[in-house]
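Enquirer: Mind looking over this structure? Questions follow.
The values are calculated or read from the model by the stated rules, or taken from the named source; none is laboratory data. What you see is a predicted model; the values in this text were computed from it and never measured. Here the Cβ is made from the backbone with ideal geometry for all residues, glycine too, and neighbour counts use every protein chain on show.
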There are 2 protein chains.
Amino acid sequence: MHISSLDTPALLVDLDKTEANLDRAANYVRSHGLLLRPHTKTHKSPLIARMQLDRGAAGLTVAKVGEAEVIARDGVPNLLLAYPVWGDAKWHRLVEVAKRLPVTVALDSAEAASGLSRHAQRAGITLGILVEADLGMRRCGLPPGEGLVRLAQAISAMGGLRLEGLMFYPGHINLAAEAGEQQLETLRSELRAVIESFRTSGLPTDVVSGGSTPTLFQSHTIEGITEIRPGTYVFNDRTQVAAGACTWQDCAVTVLVTVVSTPRPDAAVIDGGSKTFTSDPLRPGGDGCFGRVVEMPSARFHKMNEEHGLLDLREHAGPPPRIGQRLRIIPNHVCVTVNMHETARGLRGETVQQSWPVAGRGKLQ
Amino acid sequence: MHISSLDTPALLVDLDKTEANLDRAANYVRSHGLLLRPHTKTHKSPLIARMQLDRGAAGLTVAKVGEAEVIARDGVPNLLLAYPVWGDAKWHRLVEVAKRLPVTVALDSAEAASGLSRHAQRAGITLGILVEADLGMRRCGLPPGEGLVRLAQAISAMGGLRLEGLMFYPGHINLAAEAGEQQLETLRSELRAVIESFRTSGLPTDVVSGGSTPTLFQSHTIEGITEIRPGTYVFNDRTQVAAGACTWQDCAVTVLVTVVSTPRPDAAVIDGGSKTFTSDPLRPGGDGCFGRVVEMPSARFHKMNEEHGLLDLREHAGPPPRIGQRLRIIPNHVCVTVNMHETARGLRGETVQQSWPVAGRGKLQ
């Protein structure tokens, strides 16, 4: 089927670009002796997860139990739930998944570990645990220091759990900014200290899990890391280009839209807004635009309502778009955009080679 | 079932508040001789649509053909597709809907009208048409003037279509701002001129469709309006409170979340981020927060990642939240938040009285 047979808005995945993105990361980790446990939040699809595993990924990462249930198909070697999962309902479901394949959970409290311990023991299984350290992200995780070691020690003593090491998320590091290299250097030094404190306390550091897409290819410079968990690298997006992590050519996902109105000479309205793209700004900081129009990059996609996207054409030099014309748009943040679509379309050139459901979409629990 | 039995994040709909919101609007339009054709984009559910019709709504409004297909159940008197729908696939599907109940389409181009005319004639049906005027919103719609009249005249001559009048969307009017009353006065005067131009050209003004939630209760002051199409009024949200359109007590939708981490004394992490709420800012302008925490309104919900919500507790005076504690959050923009959830839970007090699928969720085409 040709792309012109698709109705819009449609989520397009360029399979050649996707494969190139996956190969690049796979080659990188192989050459540096790192493991890759990609975060599936970006694609939410067992089909893409299979492509990652076929290229040597050591396991897969998820954030929610519902995502784990979707992604834990036959042949998946293990899952990391990189989230401090809470509550009997979720612990019960997670243990059911862990009966089928090894599951590791990253967390930052004795309370969460204790709940998992209780459920794991009742089911007669063992869950891997990574203690989450906050190395500057200021989200979850305990800061380096005694509290982190004490938490790890407490977990070591809990039944049904096997402490494997540490997790951190370097999502605050912006290598495109002047401060980026300094942020990275601070992280290196904090991580060294944390690893050292674990070793002197006799705590395991078999797994030291880091990695994000913007820092992916710097991972080998962070001493002690054993694995990385990038997500966005599979598709890339406008924010990754701005971060210097990839080029426009590496952006594998576009949203196909149609111009539905040209009400003023300097404006066109497309049939996708915040319910198609989400309102995520370009990070960090934002530039007031919601995507890059591939066919007319000087058109500013500057405003959205739920189903309307507004293109400002004042800086667009070529012929103005016609009603009915189709455009392809690279989103600001591909992870949240993919999550808005029921179906993804895999392309080779302009041929739709296959379609698949975004199976993990909306799995909030 | 008690609310405590729900896992999180969960979309909660307070049915008492919803009914009060619906009653208030129904009483208002009745007392002013206006018709109400509510926009179902907010709830995307036949069940809530039924509640609107039971209170006297004259019809329902949708933006997408997929929404029309979901909402066009038995007993729905008519649908307004308030969107310049484009393309053979959608025109075909819309005509199928129009075989079952009267459908009117709002549009702003002869191209879109022509496509609908062709499909309607082929099917032997008639579609109602409203011409969309831009009275300051600067989205779709032609500005007042000859172009608008000429478009209406062209549509009058097309087979399969019945021109019914005009539509406009006053979404730019912010009555909470100093300029609000002047914006409204400009709109009144422009609408008078447009209606006059239609009448002197012998064009129908049987339907003059306006209305948004923030301007809902001003509709009777806009001469010539015959119907309004508010959407958000059914649930309300943080933006509507900021606009002065309602109070916190009128906000019927909250998202139930769980505190999953308290990594620093001044921070708590909840299990909902941009994939639960979306990143829509408070409009207009934004205040850097993503919702109001009902139980601790001085906690600032100031940061989100996809599955993490960050609460800044520095201004929170009461006891700090515990891991496992549940909170309810009023979102910035309820329409996009509802669209992130597969299921809605209807509450009476703290009892979950019924659950329903958000059936129109993700119907992008």
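Enquirer: So which residues in the range A:213-244 are over 19 Å from A:ALA49 (Cα atoms) and touching a Phe, Trp or Tyr at 6+ places or on another chain (Cβ under 7 Å), if there are any at all?
Expert: Of everything in the range A:213-244, those that are over 19 Å from A:ALA49 (Cα atoms) and touching a Phe, Trp or Tyr at 6+ places or on another chain (Cβ under 7 Å) turn out to be A:PHE217, A:VAL241.
Enquirer: Follow-up question, since we're still on this one. How many residues does the range A:246-265 contain that are outside any strand (DSSP E or B), touching a residue at least 40 places away in the same chain (Cβ under 8 Å) and under 14 Å from A:ILE330 (Cβ atoms)?
Expert: First, the residues of the range A:246-265 that are outside any strand (DSSP E or B): A:246-252, A:265.
Keeping just the survivors that are touching a residue at least 40 places away in the same chain (Cβ under 8 Å) gives A:246, A:248-252, A:265.
Next cut, under 14 Å from A:ILE330 (Cβ atoms) only: A:246, A:248-252.
Of the residues in that region, 6 qualify.
Enquirer: Consider B:ASP312 against the criteria (1) free of Cβ contacts under 8 Å to residues at least 40 places away in the same chain; (2) over 16 Å from A:TRP86 (Cβ atoms); (3) within 14 Å of chain A (Cβ to nearest Cβ): it satisfies all of them except one. Which criterion is unmet?
Expert: Tallying (1) free of Cβ contacts under 8 Å to residues at least 40 places away in the same chain; (2) over 16 Å from A:TRP86 (Cβ atoms); (3) within 14 Å of chain A (Cβ to nearest Cβ), B:ASP312 fails exactly one: (1).
Enquirer: Give just the number: which of (1) facing another protein chain (nearest Cβ under 10 Å); (2) touching a residue at least 24 places away in the same chain (Cβ under 8 Å); (3) in contact with a Cys (Cβ under 8 Å, 6 or more places away or on another chain) does B:ARG326 not satisfy?
Expert: (3)
Enquirer: Identify the residue in the range B:125-144 that is away from every other protein chain (no Cβ under 11 Å) and in contact with a helix residue (DSSP H, G or I) (Cβ under 8 Å, 6 or more places away or on another chain) and, among all such residues, is farthest from B:ARG192 (Cα to Cα).
Expert: At the first step, the residues of the range B:125-144 found to be away from every other protein chain (no Cβ under 11 Å) are B:125-131, B:135-136, B:144.
Next, only the ones that are in contact with a helix residue (DSSP H, G or I) (Cβ under 8 Å, 6 or more places away or on another chain) stay: B:125-127, B:129, B:131, B:135-136, B:144.
Details: B:ILE125: 32, B:THR126: 28, B:LEU127: 26, B:ILE129: 20, B:VAL131: 15, B:LEU135: 11, B:GLY136: 14, B:PRO144: 10 Å.
Restricting to residues being away from every other protein chain (no Cβ under 11 Å) and in contact with a helix residue (DSSP H, G or I) (Cβ under 8 Å, 6 or more places away or on another chain), the top hit is B:ILE125.
Enquirer: Could you please give the count of residues in the range A:285-303 that are assigned to a loop (DSSP other than H, G, I, E, B) and either within 17 Å of B:PHE290 (Cα to Cα) or among the basic types (Lys, Arg) (or both)? Steps first, please.
Expert: As a first pass, look at the range A:285-303 and keep what is assigned to a loop (DSSP other than H, G, I, E, B): A:285-290, A:294-299.
Of the ones still in play, those that are also either within 17 Å of B:PHE290 (Cα to Cα) or among the basic types (Lys, Arg) (or both) are A:285-286.
Residues flagged as assigned to a loop (DSSP other than H, G, I, E, B) and either within 17 Å of B:PHE290 (Cα to Cα) or among the basic types (Lys, Arg) (or both) within the range A:285-303 amount to 2.
Enquirer: When residues of the range A:350-359 are filtered for being assigned to a loop (DSSP other than H, G, I, E, B) and either without any contact (Cβ under 8 Å) to a residue 40 or more places away in the chain or at the interface with chain B (Cβ under 10 Å from one of its Cβ atoms) (or both), how many remain? Steps first, answer last, please.
Expert: Kept after step one, since they are assigned to a loop (DSSP other than H, G, I, E, B), are these residues of the range A:350-359: A:350, A:358-359.
Right, trim to either without any contact (Cβ under 8 Å) to a residue 40 or more places away in the chain or at the interface with chain B (Cβ under 10 Å from one of its Cβ atoms) (or both) and you get A:358.
The total comes to 1.
Enquirer: How many residues are more than 9 Å from chain B (Cβ to nearest Cβ) and under 15 Å from A:ASP280 (Cα atoms) when one looks only at the range A:329-344?
Expert: First pass over the range A:329-344, keeping only residues more than 9 Å from chain B (Cβ to nearest Cβ): A:329-332, A:334, A:337-338, A:343-344.
With the extra rule that they be under 15 Å from A:ASP280 (Cα atoms), the set shrinks to A:329-332, A:334, A:337-338.
Here the count works out to 7.
Enquirer: Name the pairs whose Cβ atoms lie under 6 Å apart, with the first residue in the range B:123-148 and within 16 Å of B:ALA112 (Cβ to Cβ), the second among the hydroxyl-bearing types (Ser, Thr, Tyr) and surrounded by fewer than 16 Cβ atoms within 10 Å (Cβ to Cβ), and 6 or more positions between them or separate chains?
Expert: Qualifying pairs under 6 Å: none.
Enquirer: For the range B:324-345, how many residues meet the condition of being among the small types (Gly, Ala, Ser) and either under 20 Å from B:ARG73 (Cα atoms) or crowded, with 20+ Cβ neighbours inside 10 Å (or both)? Give the steps one after another, and end with the answer.
Expert: So in the range B:324-345, the residues among the small types (Gly, Ala, Ser) come out as B:324, B:344.
Now drop any that are not either under 20 Å from B:ARG73 (Cα atoms) or crowded, with 20+ Cβ neighbours inside 10 Å (or both), which leaves B:344.
Final tally of qualifying residues: 1.
Enquirer: A further question follows. Could you please find all residues in the range B:26-36 being more than 15 Å from B:THR221 (Cα to Cα) and assigned to a helix (DSSP H, G or I)?
Expert: The first filter runs over the range B:26-36 and keeps only residues more than 15 Å from B:THR221 (Cα to Cα), leaving B:26-27, B:36.
Across the range B:26-36, the qualifying residues are B:ALA26, B:ASN27.
Enquirer: While we're on this one: Here are some conditions: (1) in contact with an Asp or Glu (Cβ under 9 Å, 6 or more places away or on another chain); (2) free of Cβ contacts under 8 Å to residues at least 12 places away in the same chain; (3) among the acidic types (Asp, Glu). B:ASP74 meets all but one. Which one does it not meet?
Expert: (1)
Enquirer: Based on this model, can you work out whether B:LEU347 counts as assigned to a strand (DSSP E or B), in contact (Cβ under 8 Å) with a residue 12 or more places away in the chain, facing chain A (nearest Cβ under 9 Å) and among the hydrophobic types (A, V, I, L, M, F, W, C)?
Expert: Working: assigned to a strand (DSSP E or B): yes; in contact (Cβ under 8 Å) with a residue 12 or more places away in the chain: yes; facing chain A (nearest Cβ under 9 Å): no; among the hydrophobic types (A, V, I, L, M, F, W, C): yes.
So B:LEU347 fails the test.
Enquirer: Assess whether B:THR40 counts as being within 14 Å of chain A (Cβ to nearest Cβ), touching a Pro at 6+ places or on another chain (Cβ under 7 Å), under 21 Å from B:ARG100 (Cα atoms) and crowded, with 24+ Cβ neighbours inside 10 Å.
Expert: Details: within 14 Å of chain A (Cβ to nearest Cβ): yes; touching a Pro at 6+ places or on another chain (Cβ under 7 Å): no; under 21 Å from B:ARG100 (Cα atoms): yes; crowded, with 24+ Cβ neighbours inside 10 Å: yes.
So B:THR40 fails the test.
Enquirer: Quick one: is A:VAL70 buried (at least 23 other Cβ atoms within 10 Å of the Cβ) and outside the structural domain of A:THR276 (by TED's automatic domain parsing)? So that I can check it myself, show each step before the final result.
Expert: Values: buried (at least 23 other Cβ atoms within 10 Å of the Cβ): no; outside the structural domain of A:THR276 (by TED's automatic domain parsing): yes.
For A:VAL70, the condition - buried (at least 23 other Cβ atoms within 10 Å of the Cβ) and outside the structural domain of A:THR276 (by TED's automatic domain parsing) - is not met.
Enquirer: Need pairs with beta-carbon distance below 7 Å; first residue without any contact (Cβ under 8 Å) to a residue 40 or more places away in the chain and within the range B:193-213, second aliphatic (A, V, I, L, M); sequence gap 6+ or separate chains.
Expert: Pairs that qualify, where the first residue is without any contact (Cβ under 8 Å) to a residue 40 or more places away in the chain and the partner is aliphatic (A, V, I, L, M), are B:ILE195/B:VAL208; B:THR213/B:ALA245.
Enquirer: Taking the residues in the range A:189-214 that are touching a helix residue (DSSP H, G or I) at 6+ places or on another chain (Cβ under 7 Å) and among the β-branched types (Val, Ile, Thr) as candidates, determine which candidate is surrounded by the most Cβ atoms within 10 Å (Cβ to Cβ).
Expert: A:THR213
Enquirer: Same structure, new question: Can you tell me which residues in the range B:98-124 are part of a loop (DSSP other than H, G, I, E, B), more than 14 Å from chain A (Cβ to nearest Cβ) and buried (at least 16 other Cβ atoms within 10 Å of the Cβ)? Before you say what the answer is, go through the steps one by one.
Expert: Going through the range B:98-124, the residues part of a loop (DSSP other than H, G, I, E, B) turn out to be B:99-102, B:108-109, B:124.
The next check asks that each one be more than 14 Å from chain A (Cβ to nearest Cβ); those that pass are B:99-102, B:124.
Hits for the range B:98-124 are B:LEU101, B:PRO102.
Enquirer: Are there any pairs with C-beta distances below 8 angstrom linking a residue in the range A:266-277 that is assigned to a strand (DSSP E or B) to a residue that is crowded, with 24+ Cβ neighbours inside 10 Å and among the β-branched types (Val, Ile, Thr), with the two at least 6 apart or on different chains, and if so which?
Expert: Correct list of pairs: A:VAL269/A:VAL260; A:ILE270/A:VAL257; A:ILE270/A:VAL260; A:ILE270/A:ILE329.
Enquirer: Does A:THR247 satisfy being surrounded by fewer than 24 Cβ atoms within 10 Å (Cβ to Cβ), in contact with a helix residue (DSSP H, G or I) (Cβ under 9 Å, 6 or more places away or on another chain) and on the phi < 0 side of the Ramachandran plot? Steps first, please.
Expert: On the way: surrounded by fewer than 24 Cβ atoms within 10 Å (Cβ to Cβ): yes; in contact with a helix residue (DSSP H, G or I) (Cβ under 9 Å, 6 or more places away or on another chain): yes; on the phi < 0 side of the Ramachandran plot: yes.
Yes: the conditions hold for A:THR247.
Enquirer: Any idea which of A:ALA252, A:ALA299 is more than 9 Å from chain B (Cβ to nearest Cβ), more than 15 Å from A:PRO9 (Cβ to Cβ) and in contact with a Leu (Cβ under 6 Å, 6 or more places away or on another chain)?
Expert: Working: A:ALA252 fails: in contact with a Leu (Cβ under 6 Å, 6 or more places away or on another chain).
Sole residue among the options that is more than 9 Å from chain B (Cβ to nearest Cβ), more than 15 Å from A:PRO9 (Cβ to Cβ) and in contact with a Leu (Cβ under 6 Å, 6 or more places away or on another chain): A:ALA299.
Enquirer: How many residues does the range A:64-97 hold that are within 14 Å of chain B (Cβ to nearest Cβ), among the hydrophobic types (A, V, I, L, M, F, W, C) and in a loop (DSSP other than H, G, I, E, B)?
Expert: So the count comes out to 3.
Enquirer: Go through the range A:304-320 and give me each residue that's part of a loop (DSSP other than H, G, I, E, B) and closer than 22 Å to A:TRP248 by Cα.
Expert: Kept after step one, since they are part of a loop (DSSP other than H, G, I, E, B), are these residues of the range A:304-320: A:305-308, A:313-320.
Listed by number, the residues that qualify are A:LEU313, A:GLU315, A:HIS316, A:ALA317, A:GLY318.
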